[in-house]
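Remarks on the structure that follows.
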2 protein chains.
Amino acid sequence: MSNNGEGRDPALVQSVDRAVAVLELLARNGEAGITEIAAELGVHKSSASRLVYTLQARELVEQEGERGPFRIGIGMLRFAGAVSGQLDYVRVGGPVCSALADRLGETVNIAILDSDVALNVSQARGSSAVAAQNWIGQRTPLHATSSGKVLLAAAPPAEQERLLSGDLESCAPGTITDPVKLRCVLRRTAEDGFATCMEELEAGLHAVAVPVFGSRGDVVAAISAAGPAYRLSQKRMPEIVEELRVASRDLSVRMGHPVL
Amino acid sequence: MSNNGEGRDPALVQSVDRAVAVLELLARNGEAGITEIAAELGVHKSSASRLVYTLQARELVEQEGERGPFRIGIGMLRFAGAVSGQLDYVRVGGPVCSALADRLGETVNIAILDSDVALNVSQARGSSAVAAQNWIGQRTPLHATSSGKVLLAAAPPAEQERLLSGDLESCAPGTITDPVKLRCVLRRTAEDGFATCMEELEAGLHAVAVPVFGSRGDVVAAISAAGPAYRLSQKRMPEIVEELRVASRDLSVRMGHPVL
DNA sequence: ACCCTCCGTTGCGTATTGCGGAACTGGGTG
DNA sequence: CACCCAGTTCCGCAATACGCAACGGAGGGT
């Protein structure tokens, strides 16, 4: 009834799970009111209210003014700083992304491999006034993104096969859903040192990515530029790839990996 | 019994509140095991286990290897990117911090006033190889930090008095614990437009901070440089303050506040 | 190689606790 | 002025999360 019913892991603590769902909703929507939250989660307004109240007491949620909608709060920063390991990409990656985004005028992302998806850890918007959506923390399919292909192409063969044998969901008209074709693309990616993504994730969206190398020459992340198809034409790719390579080297150095 | 008993707001959702406490504990300690968490929160191991399990399912917590301690997980990034309002300091502040940290060779921080503490929202390390601790998200006392003094000096008198009348905890040999003396220091801070902090937070640690102004000429944040006492000598202060002022103006402009 | 200890998980019964329903408050609007 | 919509408060019920205790599984010490 309250939940959309069926398969809920009984070992989960319901209210905590719901609270996190609230946070995810706010992170996605930017802001929301109690009624909206309640509707989205499928719980009663009163439940939503208490959940939000609790999060608010810890400053994980804050509200616009006295009687406005709710958003993610500053208290969240306490945790953001504690994300270990991959944190470095976030902190160090920020400036690199910004600089490149300024130069290219396109949105730049840094992504890492996280189990079966590409996880965006850092982002900077290009000059376009379009309030492009926030991709940070977003998980995108490996086979339908430029970053994903780069990361996948560098993964150990066993891992690669495991992911290839999975379900290649179609996201947009151009998505590669054929394992054979994808395997071929990945081989080329490894050879070329970059991957493109032409309307494979979203119609009208193009992207290019190059790998970021760690200290042992292994691929630890991917840095990509994305923008509307008409701006990221095939013709412009070489130029962008070159810019991305520079940024990638910069990133490697800043992360303490000597240039090879 | 389970909780330390008395004054718990009954409107709080207990398990959610505990879950957040788990996250805060992890953020503070870096990592912890179930038993430790349970002990710290004063709950049973099984409760702690389920709480952590739930957070883990949402990737807010991850564990080192298969059987290791728990830490804050990558899923947290989803939210970090969504911190609105003050987020700007994080994104915009990053490059400014980096640039200044490079020039000075010292650690640079941006902090904002968050209820009764100074909250660090952005940081960049200086050239020193010392893996200085990460201050992002850390809450530091207003009376024992340079940023804190700057923020406090700019707070409305009523607020200032309220905080002054509270408990001025001693953090290091030099901490100012006398309200009268602190009031005097704050007056000077307001006049000079900067504040120092000489071994008041930690022995051997010096810092200087200047205010960052918002569009209405109000103080919205503080930017500070910190380093070992022998490097941040009294003599070097004027030079650093000047650099900080430049960065502060830069920051104001980037945040869309016209220079006055 | 054994046992012993320490840590985390699982099953279970209970009552605490969080939930949903409805009534209340308080602003904004026609 | 009356209506409407958003959020909070109160209350009683039972679902839910809790504590307990017993169970596996890894080290580590002798």
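The values are calculated or read from the model by the stated rules, or taken from the named source; none is laboratory data. Model, not experiment: these values are computed from the prediction. Neighbour counts run over all protein chains shown; Cβ positions are idealised from the backbone, glycine included. Areas reflect the complete protein model, heavy atoms only, side chains present, ligands, DNA and RNA absent. Shrake-Rupley method; radii C 1.70, N 1.55, O 1.52, S 1.80 Å.
Return the distance in nm (one decimal) between the two label points of a simple spin-label model at A:Ala155 and B:Gln56, each offset 7 Å from Cα along Cα→Cβ.
2.2
Apply 1/(1 + (r/R0)^6) to the Cβ-Cβ distance of B:Tyr230 and B:Arg67, taking R0 = 51 Å, and write down the FRET efficiency to the nearest 0.05. The partial results should precede the final answer.
Details: r = 44 Å, r/R0 = 0.86.
Between B:Tyr230 and B:Arg67 the formula returns 0.70.
At B:Gly30, with labels set 7 Å past Cα in the Cβ direction, how many nm apart are the copies from this one, shortest first?
Label point to label point, same position, other copies: 3.9 nm.
Can you compute 3J(HN,Hα) from phi for each residue in segment B:41-58, using the Karplus curve 6.51 cos²θ - 1.76 cosθ + 1.60 with θ = phi - 60°, rounded to whole Hz and x for Gly and Pro?
Residue by residue, segment B:41-58 yields 7, x, 10, 6, 3, 4, 4, 4, 4, 5, 4, 5, 4, 5, 5, 5, 4, 9 Hz.
When you look at the Cβ of every residue in B:94-101, what mean number of other chain Cβ atoms sits within 10 Å?
4
Mind checking the mean number of beta-carbon atoms from other chains within 10 Å of the Cβ atoms in A:118-124?
Values: counts 0, 5, 3, 4, 4, 2, 3.
Whole-number average of other-chain Cβ neighbours for A:118-124 is 3.
Please state the shape class of segment A:180-240: rounded when a/c is under 1.5, otherwise prolate if a/b exceeds b/c and oblate if not, all from the C-alpha gyration tensor.
Taking the square roots of the gyration eigenvalues as a ≥ b ≥ c, segment A:180-240 is prolate.
How far apart, in nm, are the 7 Å Cα→Cβ label points at B:Gln14 and A:Thr35?
3.3
Roughly how many nanometres apart are two label points built 7 Å out from the Cα toward the Cβ at A:Cys184 and B:Glu191?
The two pseudo-label positions are separated by 7.9 nm.
Using a label point 7 Å beyond Cα on the Cα-Cβ vector, give me the inter-copy distances for B:Arg236 in nanometres, one decimal, shortest first.
So the label point of B:Arg236 gives 4.5 nm to the other copies.
Where the label is 7 Å out from Cα toward Cβ, how close does B:Gly105 come to the same position in every other copy, in nm, shortest first?
Result, one decimal in nm: 4.1.
To the nearest 100 Å², how much accessible surface do chains B and A hide from each other in total, with a 1.4 Å probe?
Numbers: alone 14250 and 14260 Å², together 23810 Å².
Summing both chains' loss of accessible area gives about 4700 Å².
Just how far, in whole angstrom, is segment B:136-197 from segment A:201-231 if you go by their alpha carbon centroids?
46
Name the lysines eligible as straight-distance cross-link partners of B:Lys181: C-alpha to C-alpha under 22 Å, and not fewer than 8 places from it in the same chain.
Straight-distance partners of B:Lys181: B:Lys149.
Rounded, prolate or oblate: which fits segment B:87-254, taking a ≥ b ≥ c as square roots of the Cα gyration tensor eigenvalues, rounded meaning a/c under 1.5, else prolate when a/b beats b/c?
Details: a/c = 1.56, a/b = 1.19, b/c = 1.30.
Because a/c hits 1.5 or more and a/b fails to exceed b/c, segment B:87-254 counts as oblate.
Take peptide B:50-62, look around each residue's Cβ out to 10 angstrom, count Cβ atoms belonging to other protein chains, and average those counts. Mind showing how you got there, number by number?
Numbers: counts 4, 3, 2, 5, 10, 6, 0, 7, 8, 6, 5, 0, 5.
Other-chain Cβ atoms within 10 Å of each residue's Cβ, averaged: 5.
Pull out the extension gain between B:Val253 and B:Ala99, defined as 0.36 nm times the separation in residues minus the alpha carbon to alpha carbon distance; nm, one decimal.
53.9 nm
Place the peptides A:155-165, B:115-125, B:195-205 in order of packing, highest mean first, counting for every residue the other Cβ atoms within 10 Å and averaging per peptide.
Listed from highest to lowest mean packing, they are B:115-125, B:195-205, A:155-165.
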